[in-house]
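The values are calculated or read from the model by the stated rules, or taken from the named source; none is laboratory data. Computed from a predicted structure; not experimentally measured. Cβ sites come from the backbone with ideal geometry, for glycine too, and all protein chains shown count toward neighbours.
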Ligand code: ADP
Ligand code: MG
């Protein structure tokens, strides 16, 4: 393959691409020693010339030895069962080995050191600095890549247009582009490397924040929504429906929602709060405010179980009102679905409750004013467009199931305004959580039986790798059988998992709600939002299979009524150390915000929120789990820039604006901003 082709495969087509292909990491040359000065068992780096390459043995137990020499002494590097290493060395090469040496007889030895193949230029460049390491593509060696980038930097570091205006660089202490390019590729020390990296991280996050700000602005200017005013009388009428005083957090969120709804620009608001903080109240309030203003409202849930539960809650709240509400989910008979759709188009239905299928089925509304999307991370910019008609957009209220890590909230959800519900309703007792070892399992089950005999109900949750996997589903049935014949033989058990059809799921939930079954053996389909106040005790089998936010969400299913909640995490015989630490951290914390941050730091955004189709392109150099502080700075900077120059029309901002449109124009549908 030709070099140009290889580079192109990595997206490197121009000098600019090379300049902005940032190192993956750096080799530290400064702990470099002469071989004669090495110390045993301490990580160090040596540079020398390959004198000899030897290999021994065949399949399964080969050994490659490479002897290098500098002016002071010789050292042997060893590889076991990596016969291919033999071909990577030949006498006369200059190489760098990093690792912990040991004294073997008369000679130093390093086993499986990290290797860099050097040329004379590298050697002098790295003499007192850090050597860049690039991620490579087939057909381009590290050495080659370094030379290409170094040539590009030498000749063209001053060429690209500076994007960050000087006052901004001064304010945030960021180097200019040319210096930053030189330093990031060939830093003389950590300070240079870190300053340069910080500049590019800042720049990347600033451009993202500007794009999100532009998106919000465009929303305000580009779409009309109905003004849904809530006067004192309507407010009082809605509040009368709730059989409790609202919490301070709920009050604050309601005020923010009411303010948004009264405007003729669409609300785009995210409500996040800990499990059990009472987000549903906020949703119901908004729905009823909308209907009272003569517009239709829709409540979208991620599962049929939840949609049905919301429908039931609403039906009981609205027993005496004239609100015409209907359920629309995939499991309904075709005739009934058609009837609901007709009612929505004709405007005979005020309030539709359903799953996201509601969107896919080409449902039309006569006068849609509000869409509430519950417990949902998958509802991105694009999906929201589905409910718009021309310049008319409903108001949007998005409710998350669990708290979202702060940095994700500012990026993946950054196109939304945020209300945080802090605090739990009064009288709520934190769920007591126990890590249950196999030896203690029978005592735990005795505890469960006692709660059941006291009239309470219980969940048993088992993991499924794949909701649709037949064998995995059988494993929940297996748990059920084992419990029915063993620990819970005297009680009425029900089964719930994702492979059951809609009406069976519904029946299982209903039987549990009516206390016909005392124990619900389930997969994580009960994870979000299910609310049965009499269920107070949860057993999680193999908790190591779940993320912390997911466990927190599961745990939130109990302790919802007046009764204290309990959660037992049945760990396996010999759990992995890391898994056990995670689970113990979880058992010790009831703060969902703290758990979300912890989960995010340990597992990264992919696992947690990868499913949300935010549609944003991935970040190149910034890492949200690490760069939270820079993100806050970038966000402030973006807000300041937008406050003085909303469309980024000033000539000093032209380069920023171009970069914003190039990077996010399509994914955020920015069109022609300003
Ligand atoms: P989540 O935020 O997890 O969706 P929910 O909205 O399901 O929480 O509310 C959890 C429980 O708390 C429900 O049973 C609800 O009726 C109750 N609840 C909500 N707000 C209050 C309040 N202000 N006072 C007392 N109970 C409340
Ligand atoms: Mg909820």
## Note on the structure
When region 526-542 is checked residue by residue, the ones that are away from ligand 1 (no atom under 16 Å from the Cβ) and surrounded by fewer than 24 Cβ atoms within 10 Å (Cβ to Cβ) are 541, 542
### Task
From the list 316, 277, pick out the single residue that is in contact with a helix residue (DSSP H, G or I) (Cβ under 8 Å, 6 or more places away or on another chain) and either within 23 Å of residue 558 (Cβ to Cβ) or part of a helix (DSSP H, G or I) (or both).
277
### Query
Counting only residues that are within 14 Å of ligand 1 (Cβ to nearest atom) and either more than 16 Å from residue 402 (Cβ to Cβ) or surrounded by fewer than 24 Cβ atoms within 10 Å (Cβ to Cβ) (or both), how many does region 254-273 have?
2
### Query
Among the listed residues 560, 492, which satisfies the condition of being within 16 Å of ligand 2 (Cβ to nearest atom), out of contact with any helix residue (DSSP H, G or I) (no Cβ under 6 Å at 6 or more places or on another chain) and on the phi < 0 side of the Ramachandran plot?
560
### Message
For region 629-651: of the residues being surrounded by fewer than 16 Cβ atoms within 10 Å (Cβ to Cβ) and part of a helix (DSSP H, G or I), which is farthest from the chain's Cα centre (by Cα)?
### Response
651
### Task
Having 1 or more residues that are touching a helix residue (DSSP H, G or I) at 6+ places or on another chain (Cβ under 8 Å) is the bar; report the strands (runs of 3 or more DSSP E) wholly within region 72-114 that clear it.
74-80, 94-99, 107-111
### Query
Before we move on, is residue 279 surrounded by 20 or more Cβ atoms within 10 Å (Cβ to Cβ) and either at pLDDT 95 or above or within 16 Å of ligand 1 (Cβ to nearest atom) (or both)?
yes
### Message
Looking at (1) modelled with pLDDT under 95; (2) more than 25 Å from residue 530 (Cβ to Cβ), which one does residue 228 not meet, given that it meets all the others?
### Response
(1)
### Task
Would you be able to say whether some residue in region 543-551 is without any contact (Cβ under 8 Å) to a residue 24 or more places away in the chain and either within 20 Å of residue 479 (Cβ to Cβ) or within 16 Å of ligand 1 (Cβ to nearest atom) (or both)?
no
### Query
Quick one: would you say residue 307 is in contact with a strand residue (DSSP E or B) (Cβ under 9 Å, 6 or more places away or on another chain), touching a residue at least 40 places away in the same chain (Cβ under 8 Å) and more than 15 Å from ligand 1 (Cβ to nearest atom)?
no
### All positions within region 243-284 that are away from ligand 2 (no atom under 15 Å from the Cβ) and farther than 22 Å from residue 410 by Cα
243, 244, 245, 246, 248, 251, 258, 261, 262, 263, 264
### Task
Count, please, the residues in region 526-549 that happen to be under 20 Å from residue 404 (Cα atoms), away from ligand 2 (no atom under 15 Å from the Cβ) and at pLDDT below 85.
2
### Query
Just a yes or no: is a residue in region 288-305 within 31 Å of the chain's Cα centre (by Cα), within 13 Å of ligand 2 (Cβ to nearest atom), in a helix (DSSP H, G or I) and crowded, with 16+ Cβ neighbours inside 10 Å?
yes
### Task
Return the total of residues in region 354-364 being modelled with pLDDT of 75 or more and more than 27 Å from the chain's Cα centre (by Cα).
2
### Message
If I filter region 105-127 for residues that are modelled with pLDDT of 90 or more and over 30 Å from residue 193 (Cα atoms), do I get at least one hit?
### Response
yes
### Query
Does region 289-298 include one or more residues that are at pLDDT below 90, in the same structural domain as residue 395 (by TED's automatic domain parsing) and more than 10 Å from ligand 1 (Cβ to nearest atom)?
no
### Summary
If we ask which residues in region 395-430 are within 16 Å of ligand 1 (Cβ to nearest atom), surrounded by 22 or more Cβ atoms within 10 Å (Cβ to Cβ) and either outside the structural domain of residue 268 (by TED's automatic domain parsing) or not in a loop (DSSP other than H, G, I, E, B) (or both), their number turns out to be 5
### Task
Could you list all residues from region 636-656 that are in contact (Cβ under 8 Å) with a residue 24 or more places away in the chain and within 18 Å of residue 167 (Cα to Cα)?
637, 638, 639, 641, 642, 646, 648, 649, 652, 653, 655, 656
### Message
If I filter region 577-598 for residues that are more than 16 Å from ligand 1 (Cβ to nearest atom), under 26 Å from residue 197 (Cα atoms) and either at pLDDT 80 or above or surrounded by 15 or more Cβ atoms within 10 Å (Cβ to Cβ) (or both), do I get at least one hit?
### Response
yes
### helices (runs of 4 or more DSSP H) (entirely within region 135-215) containing at least 1 residues that are under 24 Å from residue 4 (Cβ atoms) and more than 27 Å from the chain's Cα centre (by Cα)
142-156, 177-185
